[in-house]
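Please treat every number below as a calculation from the coordinates, not as lab data. What you see is a predicted model, and the numbers here were worked out from it, not measured in a lab. Note that each Cβ is placed from the backbone with ideal geometry, even for glycine, and that neighbours are counted across all protein chains shown.
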Amino acid sequence: MASENETSKSGSTDNGDTAVVRKIALITGITGQDGSYLTEFLLEKGYEVHGLIRRSSNFNTQRINHIYIDPHNAHKARMKLHYADLSDASSLRRWLDIILPDEVYNLAAQSHVAVSFEIPDYTADVVATGALRLLEAVRSHIDATGRSHIRYYQAGSSEMFGSTPPPQSETTPFHPRSPYAASKCAAHWYTVNYREAYGLYACNGILFNHESPRRGENFVTRKITRAVGRIKIGLQSKLFLGNLQASRDWGFAGDYVEAMWMMLQQEKPDDYVVATEDSHTVEEFLEVAFGYVGLNWRDHVVIDKRYFRPTEVDNLKGDSNKARTVLGWKPKVGFEQLVKMMVDEDVELAKREKVLVDAGFMDAQQQP
Ligand code: NDP
Ligand code: GDR
């Protein structure tokens, strides 16, 4: 049976199946945490999903390998990957013309706040100008093809609120505190401008921090849960961290990608804050994560000044009333459940590493 995003076409394919016209999504940043959850979510809804990946000297598709089907199996493979880069405008336009997507999700970014102080120029090029390049590619693609039904999602961030005190909603002024956050503000306003200037169906999701077992290992939550797993299994003893007093509104990435999709299903495009409305300090995260496996974080954590930022964002806590009432979205996973989910997975991962270390295939310092 066709799902809500498929339309059955009369006739049959070479292998006798009924042909189906599917909605097509194009995702930048498909190899990232959110890209992987969004792809699973859209495949489940019956979409054909195309992801843009950038060239890397190592394979960078670990988060989506489990859903990858060799394209030679053409009738089974509904996720397809293509080389492109947000710094390369012509590649973006070319893939739009070939893929003909119904929905475009711009998730690609140099997404690490601390790293953006080290590579500000590159961060602005990818996060701010990259979003502009993609918006312009969509606009010119529509001009050339008349495909005006195309919808665009921009991955905005609670970092844009920066030093403005909580609770933060769609009407809260931005005060960015890093090159990353300032670049996300630019991307936000480019998106608003393309909506107003060209009538593009374009939405900004202003998402508060969201985590998962697939979170990059240099974000604080995953850094902590990786260390908890490795300390518990005996592969590590110390964890070096920076500011423990910052508060974040942490949700589960799997819940948040659903909100992205919901934004693009509305009659009119708009901007939405997505948040749990519950905030905790890094120290509270440590308490729950270490406590869950019977450890005391104070025995292991060492404060290292290198992890402090030139300007910090002290306190983020969202007001997601609009998303809850208009989209009907709400988070399913709470703070403690999220921490425990991540610790459980990372204890299992550390056990597998231990097997490799014991067999001499891996150094205890090394992480696969
Ligand atoms: P990740 O860092 O996990 O993923 C970023 C993705 O962008 C990766 O696929 C990466 O590719 C890709 N990428 C980086 N640079 C380029 C480039 N120049 N061209 C093309 N692709 C590129 O981020 P998340 O999944 O956590 O976040 C998704 C988006 O949401 C980001 O824009 C982030 O800034 C934003 N966001 C995230 C929040 C969160 O809490 N997770 C909260 C609010 C906003 P590769 O795998 O090769 O590195
Ligand atoms: P954030 O996430 O900056 O909120 O950006 P991160 O996990 O990096 O930092 C959260 C808080 O923890 C403090 N901290 C440390 N952070 C890191 N990374 N490493 C440490 O050792 C450490 N010690 C303390 C930080 O100072 C900060 O206060 C994330 C990213 O996903 C962005 O892309 C996204 O836009 C925002 O969330 C919303």
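Close amide H pairs (under 5 Å, H built 1.01 Å from N) link Tyr105 with Leu26, Ile27, Thr28, Tyr153, residues at least 5 positions away or on another chain.
Fewest Cβ neighbours within 10 Å first, please rank Arg22, Arg55, Arg215 accordingly.
On the way: Arg22 18, Arg55 8, Arg215 21.
Starting with the residue having the fewest Cβ neighbours, the order is Arg55, Arg22, Arg215.
The label-point distance for Val326 and Asp270, in a model that sets each label 7 Å from Cα toward Cβ, rounds to 0.3 nm.
Computed about its Cα centre, the charge dipole of the range 193-310 is approximately 860 debye, with only Lys, Arg, Asp and Glu carrying charge at their Cβ.
If packing is taken as the mean number of other Cβ atoms within 10 Å per residue, what is the order of 217-230, 143-156, highest first? Write down the numbers at each step before the final one.
On the way: 217-230: 21.1, 143-156: 17.6.
Order by mean packing, descending: 217-230, 143-156.
Just subtract the alpha-carbon distance of Ser148 and Glu217 from 0.36 nm times their residue separation and send over the number in nm, one decimal. It would help to have the intermediate numbers written out before the result.
On the way: separation 69, 0.36 × 69 = 24.84 nm, distance 3.94 nm.
Here the answer is 20.9 nm.
For the listed residue pairs Lys45/Lys351; Lys76/Lys268; Lys23/Lys268; Lys232/Lys305; Lys23/Lys322, the alpha carbons are over 30 angstrom apart in Lys45/Lys351; Lys76/Lys268.
Taking the chain as the reference, fit the longest principal axis to its C-alpha atoms, fit the long axis of helix 335-358 to the helix C-alpha atoms, and give the angle between the two in degrees, 0 to 90, nearest 10. Its long axis makes an angle of about 70 degrees.
Counting only alpha carbon atoms, the long axis of helix 130-145 and the longest principal axis of the chain meet at about 10°. Sorting the segments 104-114, 23-33 by their residues' average number of neighbouring beta-carbon atoms within 10 angstrom, most packed first, yields 23-33, 104-114. The range 293-331 and the range 139-156 have their alpha-carbon centroids 34 Å apart.
Test of understanding: ordering Tyr68, Tyr47 by Cβ neighbours within 10 Å, fewest first, what list do you get? Please report the intermediate quantities before stating the final value.
Numbers: Tyr68 13, Tyr47 24.
Sorted ascending by nearby Cβ count, the order is Tyr68, Tyr47.
Summarising the label geometry, the points placed 7 Å from Cα in the beta-carbon direction at Asp344 and Ser90 lie 5.0 nm from one another. The helix-based estimate of mean residue ellipticity at 222 nm for the chain, built from -39,500 (n - 2.57) per DSSP H run of four or more residues and divided by its residue count, is -11000 deg cm²/dmol to the nearest 500. Dipole size of the chain about its Cα centre, with +1 on Lys/Arg Cβ and -1 on Asp/Glu Cβ: approximately 400 debye, rounded to the nearest 20.
Considering only Val357, Leu338, Trp261, the residue lying farthest towards the positive end of the dipole of the range 231-368 is Val357, judged by Cα position with unit charges set on Cβ. Give me the angle, in degrees from 0 to 90, between the Cα long axis of helix 89-99 and the longest principal axis of the Cα atoms of the chain, rounded to the nearest 10. Around 60 degrees separate the two axes.
Could you calculate the FRET efficiency of Arg55 with Asp278 from 1/(1 + (r/R0)^6), where r is the beta carbon distance between them and R0 is 45 Å, rounded to 0.05? Efficiency at R0 = 45 Å is approximately 0.70. Enter the Cα centre distance for the pair the range 160-229 and the range 122-136, rounded to the nearest angstrom. After rounding, the separation between the Cα centres reads 15 Å.
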